[in-house]
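The values are calculated or read from the model by the stated rules, or taken from the named source; none is laboratory data. Just so it is clear, the structure is predicted and the values come from calculations on it, not from any experiment. Glycine gets a Cβ as well: all are built from the backbone with ideal geometry, and neighbour counts include every protein chain shown. Areas reflect the complete protein model, heavy atoms only, side chains present, ligands, DNA and RNA absent. Shrake-Rupley method; radii C 1.70, N 1.55, O 1.52, S 1.80 Å.
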Amino acid sequence: LKDLPNILARRREYGLWLRGHLTPLKNIDLQQIPEGVQSNFQNFSVRLGWANEETLMTMVDILKSLGVEAKRYFYPLLHKVQPPPMDALPCSEALVSNHLCLPLYSRMRHNELLTIRDAITRLAHDEG
């Protein structure tokens, strides 16, 4: 635990680097970080504005073929798997239909960050 500040600092550095490279993309939305707030980048999600629940898994497969192990954002929704099922939660359902979590770890090589950046950039350009 004594190395936790360094671990978080590295992950924050990686997250800020990715944000800087992905923010200009037209078809990608990133989580807003309010001024004065410092994210620990526990999750690095991107919203693919053109995606829907049907196409999102195709995007996951495309990213995997490009060397990026992305996953769906907070999926499956707990209200759909916990008995008894709850009523629809439209905001949650909309969120998971077009959000992906990108890999972000406490130790990454620069070429891994480049792979993530390049894969997301390719998806944004292919769909834009």
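For the reader, a short list of remarks on this structure follows.
- Here the range 21-44 is the region considered, the condition is being in contact (Cβ under 8 Å) with a residue 40 or more places away in the chain and part of a strand (DSSP E or B), and the residue that is nearest to Pro76 (Cα to Cα) is Phe44.
- Of the listed requirements (1) open to solvent by 70 Å² or more (accessible area, probe 1.4 Å); (2) in contact (Cβ under 8 Å) with a residue 40 or more places away in the chain, Leu18 misses just one: (1).
- Residue that is nearest to Gly49 (Cα to Cα) [pool: residues in the range 86-128 that are outside any helix (DSSP H, G or I) and open to solvent by less than 30 Å² (accessible area, probe 1.4 Å)]: His99
- Total residues in the range 45-66 satisfying the condition of being open to solvent by 20 Å² or more (accessible area, probe 1.4 Å), over 30 Å from Asn6 (Cα atoms) and assigned to a loop (DSSP other than H, G, I, E, B): the figure is 3.
- Filtered residue count, the range 28-44, keeping only those that are closer than 13 Å to Leu16 by Cα, open to solvent by less than 60 Å² (accessible area, probe 1.4 Å) and touching a strand residue (DSSP E or B) at 6+ places or on another chain (Cβ under 8 Å): 3
- Subset of the range 1-27 (residues that are at pLDDT below 90 and touching a helix residue (DSSP H, G or I) at 6+ places or on another chain (Cβ under 9 Å)): Lys26, Asn27
- Scanning the range 39-71 for residues that are among the charged types (D, E, K, R) and modelled with pLDDT under 85 turns up Glu53, Glu54.
- Check on Leu77, modelled with pLDDT of 90 or more and open to solvent by less than 80 Å² (accessible area, probe 1.4 Å): no
- The condition (being out of contact with any strand residue (DSSP E or B) (no Cβ under 7 Å at 6 or more places or on another chain) and under 30 Å from Ile7 (Cα atoms)) is satisfied by just one residue among Pro76, Pro90: Pro76.
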